[in-house]
Amino acid sequence: MSWTIRPPFDETETPLSFASRLGGANGFASIWSVCSFLETRPADLSRGREEGIERLARAGDVPTGMLQANSIRQLPGSRVEIRGQILALNDIRGRTITFCPACLRDDLQGPDWLKEEERVRERLDWKLRPITACARHQVRLHELKPARQLHAIDVRQWFRWYVARHDTPPIEPETCAFFDRQAYLRSRLLCVERLRIDILDEMPWYAAARLCSLVGHSDLYPGQIRKKETMLSDKDNLIADRGFEILREGRVGLQAWVDRMIEDARNDPTRGFGLQSILGDVGETLDEIDDPAYDGVKDAACVVAFQKLPLSVTGHFYQRRAPRRQVHSIMSASEETGMSWKVMRACLRTAGLIPYDMDGLTPDKITFAAELLPSKEALDRLRPRKGQSSRVDPGAPIMTIGEAAEFLGVGQKYLLNFDSLRRDDVRREGSRDWRIYDRHKLECLRDRLIGGAEEITNPDKDHVGIETAARHLHLPFPALVDHIDGGRIVWRGVLPSTHDLSGLIFRRKELLGVMAPVSENGPPDDMPVKEAAEIVRTRPRTIRALIAQGKISQRSVIHPANGRTFARVSLSEVRSALSM
C-alpha cells in the first residue's frame, strides 16, 4: 500500500534520495527510521536488493524497474553495475556530497506542499567521479566532505547540514563546459542517444573512462607516468577530455595518435624507443594490466607498432609478439649481419635506404623496411672503400663540418678557422653543426692540392702529412694552403690510391723553411729567457715581468727544428734592468 504523501520521483534520482524524501514527507526523522519501517537497510536500497526496492516502490507508488535501474549493484573484483554498465568502484563518489548549485535552486522551486529539504533530489550522475559538470546547466559540480558519514547517506540530513553552514539559496554556480567526454559517458549510462565510437563502445564503461584519462595524460606529458599531484590539480578532468578528443575518431584516431607518438619519440633525444618512452602512462599502465577489456586497444596499437618499430619475432609490444619482422633499424640490421653500425649506416646510405640528413638520430631510431635489407654479399659490395666518404650526400650542395672533414680526409678541428670554405648564409635544418661549407669550394681545394702532386710509394721520415704539420710543426691547415697558393711550398707528394687529402705529404725541411724568421740576426749576447735567467741567477718570470713593463725588449723566434715560437733577449739589457 502506498503512503499518503508521495513526492514526485525523478528518472535519474537515486533510491536513497527518494527514500529520504518520502520518509520526511510522511513524518520519519531519518533514512534509518524509514528503512527500519520498511524492514530493510540503506545499503540494500543503494545496492538494489529486490526486497527493499519492492517495498520502497510500493510505498512511493513508483515502478520497481525505475528504482532498480538507479541502484548501484556491487560485483566481484571492485566493480559495480549501473543500468547494465560496468563501473569501477573508485568511479563512484562515496564519502562526499556532490551537487549542482543550479539544480538545487530548481529543486527548491518544487511543490510548496513539501518542505525545502524534501524537494532536493540527488541525481545518479552526481555520484560519478568522471563527471564534473552539470549536463543541463553547464556549471561545475560542487563536492563537499560532510562532518559525518550519515550526512552523505541521507539527502535531507546533508541538505540541513549544508544550510547550517552556508546561506540559502545555494552558492553561486560556476560556469564549466560539459565536454563531449562527459556527455558520452553520461548518455551511455542513462541509455540515451549518444556519439558512436567503435574503440570505446567495445569496452566496459570503467575501461572507456580510464582510457580517456590515460591517453590524455600520455599526450600532454609524453614519456611520463601519471603523478598524483597532476591528477588532483585537474579538478575539471581536462586531461581526460584531451584523451577523448583523440579517441573520438575511434580505432583510426587511436592508431593515428600512436603513429604520431612514435615519430615524436624518434625525434626527441630525451626519449627512448621503448613502450613507456613512446606511449608514456597509457603504455606503462596497460602493459601491467591483465584485463581483457583493453585487448582491443592493445591490438590496435600493436598494428602500428609492428609497422613502425624495429621489433623482431622475439620482441614484444604490450606483451604481443610480431608475427614477422617488418622494420629494421641500423642497430638491429648491424646485429643481424655482424657489421658495426657505422659501416651498416654507410652501406644503407649508398643503397638509398636511409637519407643522409639523419645524423641527429641514434642508430636504433633510423628505420627502414626489413624486406629491403641487402644480402651480406650485397652489403660487402656497398661497404665504403678507403678514401670513399660514407657520410656525404653526393648531390648535396652544402655540407656540415663533419661531412666536409670526411670529404677532405682531415680532422674537423683543422677546418674550424678555414672561413674561406664556409657558407655562413646557409643553415641546414635539423643539423647539430651550425658551420656549413660549400661543396664546390671543397672539391676545388681537394683537386688543387692533389693535382700535380708526385706519387710516392715509400715515404721516409722527411715526409709529413697535414696532421703532422699541424700538430708537431704548428703549421695550421689554412696557413699551409696559403703557403701553397703563394708558391712558398712547391713540392707535394701523394700516396698511391688516394682520393682525398689524407694521403697528401710534404717535405719537412721545406715547411720549416717557410716558418723560419725573416728578420736580421740579433745582438751577439742574444739568448733564450731561461738561459739568461740562469746566468744572472734569477727566475725566468722576473725577466718576463721586466719585458711586460717595457724595460727589456724581446725578439720572437720560430725554432727551425720544431716550429715552436719562443722569446730571446739580450743579456746586457737584462743585467742593466736588474741593476736599476
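The values are calculated or read from the model by the stated rules, or taken from the named source; none is laboratory data. Just so it is clear, the structure is predicted and the values come from calculations on it, not from any experiment. Glycine also receives a Cβ, built like all others from the backbone with ideal geometry; neighbour counts cover every protein chain displayed. The protein model used for the area step is the full one, side chains on, heavy atoms only, and it has no ligands, DNA or RNA in it. Shrake-Rupley method; radii C 1.70, N 1.55, O 1.52, S 1.80 Å.
If I ask for residues that are charged (D, E, K, R) and over 11 Å from the mean Cα position of the chain (by Cα), which ones from region 255-309 would you list? Give the steps one after another, and end with the answer.
Going through region 255-309, the residues charged (D, E, K, R) turn out to be 259-260, 263-264, 266, 268, 271, 281, 284, 287-288, 290-291, 295, 298-299, 308.
Hits for region 255-309 are ASP259, ARG260, ASP281, GLU284, ASP287, GLU288, ASP290, ASP291, ASP295, LYS298, ASP299, LYS308.
Hand me the list of helices (runs of 4 or more DSSP H) wholly inside region 435-519 holding 3 or more residues that are open to solvent by less than 50 Å² (accessible area, probe 1.4 Å), within 28 Å of THR400 (Cβ to Cβ) and touching a residue at least 24 places away in the same chain (Cβ under 8 Å).
On the way: elements: 439-450, 466-471, 477-485, 508-515.
Result: 439-450, 466-471, 477-485.
When only residues in region 275-310 that are outside any helix (DSSP H, G or I) and open to solvent by less than 30 Å² (accessible area, probe 1.4 Å) count, which is farthest from SER334 (Cα to Cα)? Can you show your working first?
Taking region 275-310 as the starting set, the residues that turn out to be outside any helix (DSSP H, G or I) are 289-291, 309-310.
Next, only the ones that are open to solvent by less than 30 Å² (accessible area, probe 1.4 Å) stay: 291, 309.
On the way: ASP291: 37, LEU309: 16 Å.
Only one residue tops the list, namely ASP291.
Does at least one position in region 101-108 carry a residue that is on the phi < 0 side of the Ramachandran plot and in a loop (DSSP other than H, G, I, E, B)? Lay out the reasoning, then the answer.
Looking only at region 101-108, we keep the residues that are on the phi < 0 side of the Ramachandran plot, and these are 101-108.
Next cut, in a loop (DSSP other than H, G, I, E, B) only: none.
Within region 101-108, not a single residue is on the phi < 0 side of the Ramachandran plot and in a loop (DSSP other than H, G, I, E, B).
Test LEU45 against the stated conditions and say whether it is surrounded by 21 or more Cβ atoms within 10 Å (Cβ to Cβ) and either among the charged types (D, E, K, R) or in a helix (DSSP H, G or I) (or both).
Details: surrounded by 21 or more Cβ atoms within 10 Å (Cβ to Cβ): yes; either among the charged types (D, E, K, R) or in a helix (DSSP H, G or I) (or both): yes.
When the stated conditions are applied, LEU45 passes them.
What's the number of the condition SER17 fails, among (1) in a helix (DSSP H, G or I); (2) open to solvent by 30 Å² or more (accessible area, probe 1.4 Å); (3) of a type in the set (S, T, N, Q)?
Looking at each condition in turn, SER17 falls short on (2).
For residues in region 189-201 being assigned to a helix (DSSP H, G or I) and more than 34 Å from the chain's Cα centre (by Cα), which is surrounded by the most Cβ atoms within 10 Å (Cβ to Cβ)?
Pass one, region 189-201, residues assigned to a helix (DSSP H, G or I): 189-190, 198-201.
Going one step further and asking which of them are more than 34 Å from the chain's Cα centre (by Cα), we end up with 189-190.
Working: LEU189: 21, LEU190: 18.
Taking the candidates together, the pick is LEU189.
For GLU81, state whether it is over 20 Å from ARG21 (Cβ atoms), out of contact with any Asp or Glu (no Cβ under 8 Å at 6 or more places or on another chain), free of Cβ contacts under 8 Å to residues at least 24 places away in the same chain and surrounded by 14 or more Cβ atoms within 10 Å (Cβ to Cβ). Reasoning before the result, please.
Working: over 20 Å from ARG21 (Cβ atoms): yes; out of contact with any Asp or Glu (no Cβ under 8 Å at 6 or more places or on another chain): yes; free of Cβ contacts under 8 Å to residues at least 24 places away in the same chain: yes; surrounded by 14 or more Cβ atoms within 10 Å (Cβ to Cβ): yes.
Taking the combined requirement at face value, the residue satisfies it.
Here are some residues: TRP3, TRP32. Which one is modelled with pLDDT under 90, surrounded by 14 or more Cβ atoms within 10 Å (Cβ to Cβ), outside any helix (DSSP H, G or I) and aromatic (Phe, Trp, Tyr)? Outline the logic, then answer.
Values: TRP32 fails: outside any helix (DSSP H, G or I).
So the residue among TRP3, TRP32 that is modelled with pLDDT under 90, surrounded by 14 or more Cβ atoms within 10 Å (Cβ to Cβ), outside any helix (DSSP H, G or I) and aromatic (Phe, Trp, Tyr) is TRP3.
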